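The values are calculated or read from the model by the stated rules, or taken from the named source; none is laboratory data. Note that this is a predicted model, so its numbers are computed, not measured. No Cβ is skipped: glycine too gets one built from the backbone with ideal geometry, and neighbour counts run over all protein chains shown.
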Ligand code: CDP
Ligand code: MG
């Protein structure tokens, strides 16, 4: 069974979308195996978004993701990475299909409510950045 890291970003938490978003993953049949509310450090945020470190939006992105509490969770299931990315929708909410989380809840590229790992290797790295092994209940 595959694992993936989901973040409900600070905008999603501030808008009280946490319950609705978790409900969608549970409804789909994916299992939450780790869950916490935390404010990530600048170092954790920079590590999480390392692939974007040379992008012009990187500093704003790190500033935003550290601006308040987010919900971090590990979900597990068959093809969890691909299934959850399809549920999340395109990063640009203008292109995100209705029925996806971003397509239903987001209108701005930076404030797009949620993150999901883009591969099993990214998931492993991103989970290790935010969780200790004993925090996962498998
Ligand atoms: O989040 P996802 O993997 O779908 O998209 P990404 O292309 O890996 O970008 C990561 C995050 O950076 C996005 O979710 C946006 O929040 C942010 N971003 C941004 O603020 N401005 C951009 N031009 C592109 C991405
Ligand atoms: Mg990405």
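List of remarks:
- Given (1) more than 12 Å from ligand 2 (Cβ to nearest atom); (2) within 25 Å of residue 32 (Cβ to Cβ); (3) surrounded by 17 or more Cβ atoms within 10 Å (Cβ to Cβ), index of the condition residue 46 fails: (2)
- Matching residues, segment 72-94, being modelled with pLDDT of 95 or more, within 14 Å of ligand 2 (Cβ to nearest atom) and not in a helix (DSSP H, G or I): 89, 90, 91
- Residues that are in a loop (DSSP other than H, G, I, E, B) and more than 14 Å from residue 125 (Cβ to Cβ), drawn from segment 39-52: 39, 40, 41
- Pairs linking a residue in segment 70-93 that is away from ligand 1 (no atom under 11 Å from the Cβ) to a residue that is assigned to a helix (DSSP H, G or I) and at pLDDT below 95, with Cβ atoms under 8 Å and 6 or more positions apart or on different chains, do not occur.
- Of all residues in segment 107-128 being touching a residue at least 40 places away in the same chain (Cβ under 8 Å) and part of a loop (DSSP other than H, G, I, E, B), the one that is farthest from ligand 2 (Cβ to nearest atom): 111
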